[in-house]
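Derivation of every value follows stated rules applied to the coordinates shown; laboratory data play no part. Predicted, not measured: the structure shown is a model, and the values here were computed from it. Using ideal geometry, Cβ is built from the backbone for each residue, glycine included, and neighbour counts are taken over all protein chains shown.
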Amino acid sequence: MNETLWAIYFPVWFALAIGSLLFFWRRDPAFKKRWYRRVSAFNIAIIGGMIVLMTIPNWPAFAIFLAGTLFIGWVSVFQTRVCLACGKVSQPDNLVTAPSFCRKCGANLDDGAT
Ligand SMILES: [Zn+2]
């Protein structure tokens, strides 16, 4: 366990959560759609990276958390859609397949982009 990483983990997590919230606060759907993938990739890289680094030198835990972080990153970056009609973020229903329709307004989300 890396004591420094552990000490800054929650402040960093909190800052990213609040920062992302403010970044998307009252933005239009097109803005959300344009930035959602980059912001979530950034957040997951930082938070997941810290968690993975904290497992060193426990290598089995390192492998498990690295795989978990990569999977969550893949789901949230490539399998999550932002609705252009209402701005709602839709996660995959079954964790692996991106949703085809918006959960909130029912708009078609299969446009090939995020
Ligand atoms: Zn919608």
Q | Selection within the range 73-83 - over 21 Å from I47 (Cα atoms) and either near the ligand (Cβ under 8 Å from one of its atoms) or in a helix (DSSP H, G or I) (or both) | A | C83
Q. Taking only pairs six or more apart or across chains, which ones have beta-carbon atoms under 6 Å, a first residue in the range 14-29 that is of a type outside the set (A, V, I, L, M, F, W, C), and a second residue that is within 16 Å of the ligand (Cβ to nearest atom)?
A. P29/L84; P29/G87
Q: Say whether the condition of being in contact with a strand residue (DSSP E or B) (Cβ under 6 Å, 6 or more places away or on another chain), within 16 Å of the ligand (Cβ to nearest atom) and in a helix (DSSP H, G or I) is met by at least one residue in the range 34-50.
A: yes
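Here is a yes/no grid of residues against (1) within 16 Å of the ligand (Cβ to nearest atom); (2) closer than 30 Å to N2 by Cβ; (3) part of a loop (DSSP other than H, G, I, E, B):
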site: F31; (1), (2), (3): yes, no, no
site: I56; (1), (2), (3): no, yes, yes
site: F65; (1), (2), (3): no, yes, no
site: A85; (1), (2), (3): yes, no, yes
site: L95; (1), (2), (3): no, yes, yes
site: A98; (1), (2), (3): yes, no, yes
site: G106; (1), (2), (3): yes, no, yes
Q. Can you name the residue in the range 33-54 that is among the aromatic types (F, W, Y) and without any contact (Cβ under 8 Å) to a residue 60 or more places away in the chain and is also farthest from N2 (Cα to Cα) among such residues?
A. W35
Q: Run Q79 past the list (1) touching a helix residue (DSSP H, G or I) at 6+ places or on another chain (Cβ under 9 Å); (2) crowded, with 16+ Cβ neighbours inside 10 Å; (3) within 30 Å of I8 (Cα to Cα) and report the number of the one that doesn't hold.
A: (1)
